[in-house]
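Contents: one structure, followed by commentary.
Rule-based calculations on the coordinates, nothing more; no lab input. None of the values given here were measured: they were computed from a predicted structure. Note that each Cβ is placed from the backbone with ideal geometry, even for glycine, and that neighbours are counted across all protein chains shown.
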Amino acid sequence: MSFVLRCIDCGHSAPYFPTVINCPQCSSQWREAEYDYSVIAKNLPAQLPGRLFDLWRYRELLPVRNPNPIVMLGEGGTPLIQAVNLGMMLGCPNIFIKDERQGPTSSFKDRQAAVTIAALKEAGITEMVAASTGNVAISYSAYAARAGIKLWAFVTSLVPAVKMREIALYGSQVVKVTGSYDQAKQVAAEFAHQRGLYLDLGARTITSIEAMKTIAFEIAEQLTSLLGAKAGAQGDAQTIWRSPDWYIQSVSGGMGPLGVAKGSVELKKMGFIDRMPAIAAIQAEGCSPMVQAWKAGAESATPVKSPRTHIETLATGDPGRTYTILQNWVKETHGVFESVSDEEAFRAMHVLAKMEGISAEPAAAVSFAGLFKLVRAGVIKPTDVVVVNCTGHTMPTEPFILGDNWARNVVLPTQATTETPEEGLLAALSRVAPDRFPNVAIIDDSPDARRLIRRILQSRGNYTIYEAEGGKQALTLIEKERPDLIILDLMMPEMDGFAVLDHLKANPDTASIPVIVATAKELTPDEKDRLKGQIQALMQKGDFLSDEFLEEVRSLIR
Ligand SMILES: Cc1ncc(COP(=O)(O)O)c(C=O)c1O
Ligand SMILES: [Zn+2]
């Protein structure tokens with residue numbers, strides 16, 4: 001590892017010391033690490049196959065001289081998971097989730113903490129101060145515990161108590177500040193100044209941006225494994241890694257996208273990828289200074305003094321110069337800033353859990369709500385390859401999302417009131433659910449489409465579901481089971497949906513069963529005419545994310 005820090009204000013290059021923050025020439029705190037990219041490009045590819053899939057596999061591109069096992073917790077190397085069901089719901093098959101929940105403390109901040117604490121340990125630091133909206137302090141605390149560094153963690157009183165206790169559990173000193181996050185940062189800075197302690201400076205911390213770069217490196221390697229390498233440019237025999245078309249992340253201070261942008265530039269400089277992903281930075285509407293500045297075409301963001309969002313993790317009201325830097329990356333990559341409401345985020349969180357088995361925290365759900373919005377607006381195209389950063393703890397917000405009726409109680413009677421314990425158990429269980437649920441038949445030749453519809457129904461209510469993969473099988477099934485509702489595809493080999501409908505309507509026993517046609521097909525006026533009077537509703541498969549589909553199901557079964 002050899003590199004210098006280049007000042008982005010005066011261009012001066014100087015050696016790196018973790019505790020020296022300012023440029024020796026102009027005092028600017030905004031500097032960037034610069035490596036010898038041609039040498040690394042030549043040597044790194046041969047090294048990679050022999051290294052673990054963790055953050056340190058890119059150690060030549062990180063500002064730590066001797067990665068120290070004493071501090072390591074298995075950071076980086078998180079899975080890239082294809083969101084098949086979400087992809088189908090959105091009509092956008094190539095959606096991938098960078099699953100940062102699988103880091104040591106379940107957030108992408110573990111990268112930042114791993115590299116920063118390793119560098120501070122190398123520099124002999126034993127006590128430090130950081131302000132945090134929660135996850136940074138949790139992550140720094142875990143690594144500081146291993147490194148023998150005492151952390152003073154300044155958090156706002158809005159940070160959920162469970163998160164504060166987690167910080168304290170790791171042995172850090174929690175300092176609760178009743179005020180905004182920006183105020184907590186000021187108090188932390190003053191405290192560090194008074195005591196002469198090292199203060200974490202967010203996006204101005206070299207190690208933090210450098211750590212986040214590894215997200216871009218990993219994604220490029222993982223997409224190459226999943227989708228195959230690309231042929232090199234201009235007839236070049238060398239194959240190159242794949243970068244996604246979009247990288248989406250929710251931002252507060254903006255560290256994730258800043259790191260991913262820098263990592264992508266480095267990959268491009270080294271000839272490992274041929275273009276950068278478009279950066280989509282998503283904020284919570286109630287605290288969206290960057291989005292407001294972007295939409296107004298302003299070069300700097302006007303601070304939001306009183307954030308109005310339940311998602312306290314994203315409550316940086318004053319992004320300062322970070323906005324200007326991130327804005328340049330977003331412009332250069334033809335990306336976008338967008339905001340979503342808390343309600344949209346909570347809804348996305350619920351959809352993600354039910355449809356993909358992934359429980360994210362509200363701050364990460366903001367990215368998914370942003371994805372939904374950008375796909376709907378046509379900004380993200382159906383063929384685009386999209387990676388969404390996903391982080392963390394769901395716990396603090398579940399009550400908001402689930403409402404009141406999410407569990408059913410089994411109260412066992414006391415032995416005195418029943419003959420045997422078994423009898424009491426059976427009686428109690430009989431009250432958990434009725435004997436019969438509405439019956440729904442799903443007729444579709446695509447197993448993926450059947451699974452998607454089955455899952456949408458399962459996740460929102462109790463239904464007995466039958467499936468048929470073709471017209472003939474469907475007719476036999478419907479005769480036998482007499483479902484309360486049929487969900488029918490139109491395009492199927494052998495007997496298509498139109499023919500199934502003709503048969504059903506010709507038989508008095510099945511003619512009155514309601515039918516929803518669910519199709520990916522753009523219908524001609526002629527075909528629409530053929531369906532008129534025959535079916536109760538027509539749903540396009542890309543529309544399933546709206547509640548309309550379930551409303552139709554419920555109203556037809558009632
Ligand atoms: C899940 C999640 N998303 C986004 C953010 C915002 O990070 P940043 O302040 O670097 O933009 C955080 C911060 O802790 C987070 O935990
Ligand atoms: Zn300078």
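Odds and ends about this structure:
- Of all lysines in the structure, the ones whose alpha carbon falls short of 24 Å from that of LYS472, not counting any fewer than 8 places away in one chain, are LYS480, LYS505, LYS521, LYS528, LYS532, LYS541.
- Measuring from each cysteine beta-carbon in the chain, the ones with no other cysteine beta-carbon under 4.7 angstrom are CYS92, CYS287, CYS390.
- Taking the C-alpha atoms of the chain, convex hull volume expressed per residue in Å³: 210
- Full extension of the chain between THR324 and GLN183 gives 48.6 nm of extra length, using 0.36 nm per residue less the Cα-Cα distance.
- Mean residue ellipticity (222 nm) of the chain, computed from DSSP H runs ≥ 4 via -39,500 (n - 2.57), nearest 500: -12500 deg cm²/dmol
- Selection among MET495, PRO319, ALA468 by position relative to the dipole of the chain gives PRO319 as farthest towards the positive end (Cβ unit charges, Cα centre).
- Modelled this way, with points 7 Å down the Cα-to-C-beta line, the labels at ARG451 and LEU48 are 2.9 nm from one another.
- Take every Cα pair under 8 Å whose residues are at least 6 apart in sequence, average their separation, divide by the length of the chain, and the relative contact order is 11 percent.
- Eligible lysines near LYS163 by straight Cα distance, threshold 27 Å, same-chain separation 8 or greater: LYS98, LYS109, LYS121, LYS150, LYS176, LYS185, LYS213, LYS305, LYS354
- Two-decimal ratio, the range 62-170, of alpha-carbon radius of gyration to 2.2 N^0.38 Å: 1.26
- Straight Cα distances below 16 angstrom link LYS373 to the aspartates and glutamates GLU285, GLU338, ASP342, GLU343, GLU344, ASP384, ASP543, ASP547, with same-chain residues fewer than 8 positions distant left out.
- In the range 308-388, Cα pairs under 8 Å separated by at least six residues give a relative contact order of 25 percent.
- Where only C-alpha atoms are counted, convex hull volume of the range 248-348 per residue in Å³: 91
- Sorted fewest first by neighbouring Cβ atoms within 10 angstrom, CYS10, CYS23, CYS390 come out as CYS10, CYS23, CYS390.
- Hull-based mean projected area of the range 184-314, where the convex hull spans the alpha carbons, in square nanometres: 10.7
- With respect to the chain, whose longest principal axis is taken over its alpha-carbon atoms, helix 421-430 is tilted by about 90°.
- Euclidean distance between Cα centres, the range 442-497 to the range 336-358, Å: 28
- Relative to the longest principal axis of the Cα atoms of the chain, helix 181-195 runs at roughly 30 degrees.
- The simple Förster model, with R0 at 56 Å and r as the Cβ-Cβ distance, assigns GLN25 and GLU343 a FRET efficiency of 0.70.
- DSSP-defined beta bridges in the chain - what % are antiparallel, rounded to 5: 20
- Size of electric dipole in the chain: Cβ of Lys, Arg +1 and of Asp, Glu -1, about Cα centre, debye, nearest 20: 1480
- Fully extending the segment from ARG308 to ARG460, taken as 0.36 nm per residue of separation minus the present Cα-Cα distance, adds 51.7 nm.
- Extension gain, LEU169 to LYS268, is 31.5 nm, computed as 0.36 nm per intervening residue step minus the present C-alpha separation.
- Spin-label model distance (nm) - ASP509 vs ARG6, 7 Å beyond Cα toward Cβ: 7.8
- Isotropic mean projected area of the C-alpha convex hull, the range 1-68 (nm²): 5.2
- Extreme residue, positive dipole direction of the range 36-136, given options THR78, LEU44, MET88 (C-beta unit charges): LEU44
- Label-to-label distance for VAL39 and LEU412 is 7.0 nm, based on points extended 7 Å past Cα in the beta-carbon direction.
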